[in-house]
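In what follows, a single structure is set out as C-alpha cells and then discussed.
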Amino acid sequence: MRTKTFRGESVQEVMQQVRDELGGHGLILNSLRKDESVIEIEVELVSLDGSQEQEADEPMPLQDEADLARDSDAASALILNRVGRDIQVVCRRYLTGGESDPEMLAKGLGEALSFDASMPPKARAVALVGPSGSGKTTAVAKLIANIQAAFDISIGVILADQGRGSREMSLETFAQVVGVPAVSVDCGLDVRQQIPEALARLRDCELVFIDTPGVGATEENRLRYVERLLDGCHDLETMYVMPAPQQERELSALTAAYRRFDCSRIILTKVDQAGYMGPALNETLRSGLPLAFVTGGARVSDEIEPASARRLAWLLLRQMH
Ligand SMILES: Nc1nc2c(ncn2[C@@H]2O[C@H](COP(=O)(O)OP(=O)(O)OP(=O)(O)O)[C@@H](O)[C@H]2O)c(=O)[nH]1
Ligand SMILES: [Mg+2]
C-alpha cells in the first residue's frame, strides 16, 4: 500500500492539497491533530481506475476465505483449544470424528454465540463504551465511514472522549474531513445534561455516535462518570468495545463492570493483534450479548466487518497458521 501524508493548519487547507495533488483519487486512512496548529492527514494512493494498488506482502484481508484449513482430528483439538473453555463444549460436538472443516466450526460457533450486525442502528444515538485503548474512537470513525458509504443518512458525532493525544486518530478532524458535524462535551458539573444538549445541537442528524472516555474495570469513579453521562440520553444504544487481545481475567472483570451500561451488542476489536481469541469469545458467550462487528486494523480504512460465525471460524483457523 502506498501512502502519503499531508500537513497544514486546517482541514480545508490539507484537503485542498489532497485534491490538488491526487485529484480526489485517494483514500483517507488517518487524521491526526498534532497540536493546535497542525493537522495531519494520511492518504492511501488509489490508482485512477479505482482499484487499489496491492503489494505482494499485504496482510490477507479478513474476508479472504480461500485458505480455510481442512484437517483431521489433530486440528480439531487445536481449534478446540483456541475457542476457549465454554465454547469448546458446544464446538466439540461438531469437531470430533474428523469433522473439523470450517463449516462445522462455524456451525458450532453459530450455536454458541449470537450475532447482530444490523445497521443503521434503530436508536438515534449510539454510544461506544470500553476500556482505554480498546479502539472506540477508531471504531466510531470506521462505522461512520461504512454507514456513509452504504446509507443515505445524516450522521453526527459527540466527542465525550477527553483523552485525545496527538498520536491518536482525531475523530474531530476525521469528522470535518467527511463532513459530519461534531459536538464536544466537557466534564462539567452538570454531567447528565451534556449529552442531551449535544443531541439537541445535532437535531438535524438522524444518527449520532457518542465516543466516550476509556474506563478500566476498577475505576469506579470514571465508570460512574460515563454512566451519568449517558443517563439522561433517550433513544440510545450502547455498544461494548471489547479488545480481543486482552487477558481472560481482565476481560471478565471488564464484562462484569460494564454490565451497568446495559449494552446491547459487542464490537470485538484488534482481532489482527490477538494471537488467541478464546478469552474474548468466552467472555462474549458469558455476557449473553450478540457480537456486532469485528475490527482488524488501526486505520480508518482497515476492516470493520459484520461479525458472523463463518468470519470467526476463518479468523480462528487463520490464527493456527
Ligand atoms: N491493530 C489494531 N489497532 C487498532 C484497532 N482499533 C484501534 N487500534 C489502535 O489502537 C489504539 C487505540 O485506539 P483508539 O480508537 O484511540 O482507542 P480508544 O478506545 O478510543 O482509546 P481511549 O480514548 O484512550 O479510551 C490506536 O493506536 C488505534 O490506531 C484494530 O482493530 N487493530
Ligand atoms: Mg478514544
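Cβ under 10 Å from VAL271's Cβ, VAL271 left aside: what net charge do those residues give with Lys, Arg +1 and Asp, Glu -1?
Residues near VAL271 contribute 0 overall.
Could you sort the peptides 12-18, 263-269, 131-137 by per-residue average Cβ neighbour count (10 Å cutoff), highest mean leading?
Descending packing order for the listed peptides: 263-269, 131-137, 12-18.
Within a Cβ distance under 11 Å of SER118, other residues only, what is the Lys/Arg minus Asp/Glu net charge?
My count for the surroundings of SER118 gives 0.
Subtract the Cα-Cα distance of GLU303 and ALA149 from 0.36 nm times their separation in residues, and report this length gain in nm to one decimal.
54.0 nm
What is the distance in Å between the Cα centres of region 279-315 and region 239-259?
After rounding, the separation between the Cα centres reads 13 Å.
For LYS107, which lysines qualify as cross-link partners when the Cα separation must be under 27 Å and same-chain residues fewer than eight apart are set aside?
LYS270
Please list 3J(HN,Hα) in residue order for region 252-258, calculated via the Karplus relation 6.51 cos²θ - 1.76 cosθ + 1.60 where θ = phi - 60°; whole Hz, with x for glycine and proline.
Values, residue by residue: 6, 5, 5, 4, 5, 5, 7 Hz.
Summing +1 for each Lys or Arg and -1 for each Asp or Glu, what net charge is found among the other residues whose Cβ lies under 14 Å from the Cβ of TYR225? Present the calculation step by step, with values, prior to reporting the outcome.
Values: positive: ARG192, ARG222, ARG224, ARG228, ARG260; negative: ASP161, ASP186, ASP190, GLU219, GLU220, GLU227, ASP231.
Charge balance near TYR225 sits at -2.
Quick note: the coordinates plus some simple rules give every number you see, no bench work behind them. None of the values given here were measured: they were computed from a predicted structure. Counting neighbours? That spans all protein chains shown, and the Cβs are built from the backbone with ideal geometry, glycine included.
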